[in-house]
Amino acid sequence: MTQNSKKLANQQWGGRFAEGPSAIMEQINASIDFDKRMWQQDIRGSLAHSEMLANVGIISEQDKNSIHQGLEQIKKEIQNNEFEFSRALEDIHMNIEARLAERIGEAGKRLHTGRSRNDQVATDFRLWVRDNIDEVIHSVEQLMLTLALRAQEYADVPMPGFTHLQSAQPVTFGHHLLAYVEMLSRDKGRLIDTRKRLNESPLGAAALAGTSFPIDRQMTAKNLGFDHPMRNSLDAVSDRDFALEYLSALSIMAMHLSRMAEEIVIWCSSPFSFIKLSDAYTTGSSIMPQKRNPDAAELVRAKVGRISGALIGLLTVMKGLPLAYAKDMQEDKEQVFAATDTIGLCLAACSGMIADLKANTDNMRRWAGSGFSTATDLADWLVQKLQMPFRTAHHVTGRIVGLAEQKNVTLDQISLADMQTIEPKITQDIFSVLSVEASIASRTSEGGTAPKNVLQAAQYWISILKDHP
């Protein structure tokens, strides 16, 4: 620690501390290495606070103008990488405040009147999370639009639908892609809900009990875009629910992206070969020249561990803390910052892969009919045409599937005579429902995989997402 840094640090702490912190204490106590990411939010909060202080007569208009000019100069210094961040000053708040005092003198020392670092950091952190929710939502919408556009392109392309990763019923590739649009729309909704709940201002709660200065918390809340001030000063400085909700929403979203990535990995594999990714999202092998590894998808699949781990980490930090503020809460930010960076990268990678992939439609169509995937259509026909109870129809269909398996043919290849040995009332009309195309076209119930449904759903999402600012 330089002598100048020691002097600045001691000035911030006041007369009680004769010496600066030890090297170990400085290392464990300082947060500037990561919380400097909140510099824009810190300056915004200070501008709003000083505006309010002048408005209610706590500081002079002249001091307010000096503070604003100084903060604008500091903003330019940081933007131009000319600002020297000091560990001795611990965090972004003291770094900016100390630099402000250096620049404008006594007026800079008046800025902290009526607030504490406790309500200041809570305000900065809420502003940072709110800003980044908006950015994440934009990225989510971009991925949703990419999926919807590809779903429109592949609205009538058959592929096998799976349960237990076993061929179940044929669906369309477009329908499959739209399932992820629905998942992401819920992720977006969770972020919107989180944003709405966090949009309360802690500023003015001071250390924990409020302040005796005649501050106007409504004014600072309004100037910072909050709906209203938080109602309890203890809760205002100690609450981190907004960060937990944010990480929870990101964790669920990361899980959805991981499922999507897993399917991309499966679809790229040689036994499936449903899609192909270009060199932009794959890598080669060091010894096997034929390999094209879907590494981008595999890494997205793995990143959920980082994000859900951040959620568990912050829950663990907060679980035993008495009111109000404790230094433990300094451990809240790194995990949120890292999770935000990770989800942004995963969303971009998934958008890129979905836009990049080329579907092997012939192979999808061939496997769509595998595993006797139209057996349910056969059972439905027995119910609708022969008025057979579904459980009876299920049993009859099972016997027909067993016969087809024995003869090594698909359901639409088994002869009418063979089927009539099991159920004599079956007619030639049965073959109208046994093809993959017929099966898909019949699924016209709301939310079903019929191509006209898929096209309509894709166009619905495209119209919403393209019109969204």
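The values are calculated or read from the model by the stated rules, or taken from the named source; none is laboratory data. Just so it is clear, the structure is predicted and the values come from calculations on it, not from any experiment. In this analysis, Cβ positions are derived from the backbone assuming ideal geometry, glycine residues included, and neighbour counts consider all displayed protein chains. Protein only, heavy atoms only, side chains kept; ligands, DNA and RNA dropped before computing areas. Shrake-Rupley method; radii C 1.70, N 1.55, O 1.52, S 1.80 Å.
Things to note:
- Meeting the requirement of 1 or more residues that are within 34 Å of the chain's Cα centre (by Cα), the helices (runs of 4 or more DSSP H) wholly within segment 387-469 are 436-442, 451-467.
- Hits in segment 201-227 (condition: polar (S, T, N, Q), touching a Ser or Thr at 6+ places or on another chain (Cβ under 7 Å) and assigned to a helix (DSSP H, G or I)): Thr220
- Every residue from segment 430-439 that is closer than 16 Å to Ile400 by Cα and either free of Cβ contacts under 8 Å to residues at least 24 places away in the same chain or not hydroxyl-bearing (Ser, Thr, Tyr) (or both): Ile430, Phe431, Val433, Leu434
- Only one of the listed residues (Asp119, Asp134, Asp124, Asp156) is in a helix (DSSP H, G or I), of a type in the set (Asp, Glu), in contact (Cβ under 8 Å) with a residue 40 or more places away in the chain and in contact with a Ser or Thr (Cβ under 9 Å, 6 or more places away or on another chain). That residue is Asp119.
- Every residue from segment 145-199 that is of a type in the set (Ser, Thr, Tyr), under 15 Å from the mean Cα position of the chain (by Cα) and either more than 26 Å from Gly344 (Cβ to Cβ) or open to solvent by 10 Å² or more (accessible area, probe 1.4 Å) (or both): Tyr180, Ser185
Matching residues to (1) open to solvent by 40 Å² or more (accessible area, probe 1.4 Å); (2) of a type in the set (Asp, Glu); (3) at pLDDT 80 or above; (4) part of a helix (DSSP H, G or I):
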{"site": "Met1", "(1), (2), (3), (4)": "yes, no, no, no"}
{"site": "Ser5", "(1), (2), (3), (4)": "no, no, no, yes"}
{"site": "Ile24", "(1), (2), (3), (4)": "yes, no, yes, yes"}
{"site": "Gln27", "(1), (2), (3), (4)": "yes, no, yes, yes"}
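- Scope segment 226-268; condition open to solvent by 40 Å² or more (accessible area, probe 1.4 Å) and either touching a Lys or Arg at 6+ places or on another chain (Cβ under 8 Å) or farther than 22 Å from Ala151 by Cβ (or both); matching residues: Asp227, His228, Arg231, Asn232, Leu234, Asp235, Asp241, Glu245, Ser248, Ile252, Glu262
- Residue match in segment 42-57 (condition: at pLDDT 95 or above, more than 18 Å from Leu224 (Cα to Cα), of a type outside the set (Ser, Thr, Tyr) and surrounded by fewer than 21 Cβ atoms within 10 Å (Cβ to Cβ)): yes
- Condition check for Gly371: within 38 Å of the chain's Cα centre (by Cα), farther than 20 Å from Ser445 by Cβ and either open to solvent by 30 Å² or more (accessible area, probe 1.4 Å) or at pLDDT 90 or above (or both): yes
- Checking segment 354-367 against the condition returns no match, with no residue being touching a helix residue (DSSP H, G or I) at 6+ places or on another chain (Cβ under 6 Å) and farther than 30 Å from Val181 by Cα.
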